[in-house]
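Here's the structure, in structure tokens; my notes come after.
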Amino acid sequence: MSSFAQDTIILRNGDEVVAKVTEVSDNELRYLLWNNLDGPTYIKRVSDIYSVTYKSGHKDFFGNIDISNNEELEKEGERVNDEFFKMYSENGAMKMSGGILKKDYLQQILLTDEYETYTSARKQYCIGKGFVLSGVMVSSVGALLLIGESAVESNYTPSEKKALNAVSISAIVVGSILVNVGVPLWAVGSGRLHWVARNYNNRMSGNTVSLSVEPTLFQCPKELGNQSTAYGLGLTLNF
């Protein structure tokens, strides 16, 4: 609850004001500075405000934000002429205009469910990608040992060759398991990150109706008993 002890105003230029909002009308917003509640009442035009996050956690959005203050979004010689900066997911990162969006910045511009999806999807993506890359490396080492032992004459005894073959095959098996576990996690995480970007773009453009198909990782019902594995990979329709 302490994280929502005050209201937070995000201006279109990217500045953040910690305050207590006292009044919101069609044209202006009145507030007190949080560190000076006995001080004067400040007034901001609604046209200068991007969003307000109230102490309850509710958010109001008033317009599009100017993200030029985020240094990572600056791209020399190129300006985006769209009505707003479109978000997209690439290599597990959320981007706008070719620049990577920072975590604290995403927390400001995303809705609560979008941000929660982003954080969990990012973990899924990184874990899955790590499993896949590790699995490929381990399998490759095992395959090279197996091929090298077979192709090159060595002074190994039969028992040593048998042990080396066992290690090589074990490495291949372990690597394959890591890849098989990592691929679904990687795909699900990537799909959920794309959903976050698409949901944000639809909301900012005023398009509130969308249809998408996303890979999902779900836990199988207990009623299936021993006839199922613990988790499964499926597709979800989002309206």
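Each value in this text was obtained by applying a stated rule to the coordinates, not by laboratory testing. The shown structure was predicted, so the numbers you read here are calculated from the model rather than taken from an experiment. Reconstructed Cβ throughout: ideal geometry from the backbone, glycine too, with neighbour counts over all protein chains shown.
What FRET efficiency comes out for the pair Thr112/Asp38, r = Cβ-Cβ distance, R0 = 41 Å, nearest 0.05?
That pair, Thr112 with Asp38, gives E of 0.85.
About its Cα centre, what dipole magnitude does region 112-206 give when the only charges are +1 on Lys and Arg Cβ and -1 on Asp and Glu Cβ, stated in debye to the nearest 20?
Using Cβ point charges on Lys, Arg, Asp and Glu, region 112-206 gives about 300 debye.
Which residues in region 130-149 have a backbone N closer than 19 Å to a point placed 7 Å from the Cα of Ser176 along the Cα-to-Cβ line?
Residues 131-149 qualify, since their backbone N sits under 19 Å from the label point.
Over region 112-206, one equal point on each Cα, no solvent: what is log10 I(q)/I(0) by the Debye formula at q = 0.10, 0.22, 0.26 Å⁻¹?
-0.44, -0.96, -1.12
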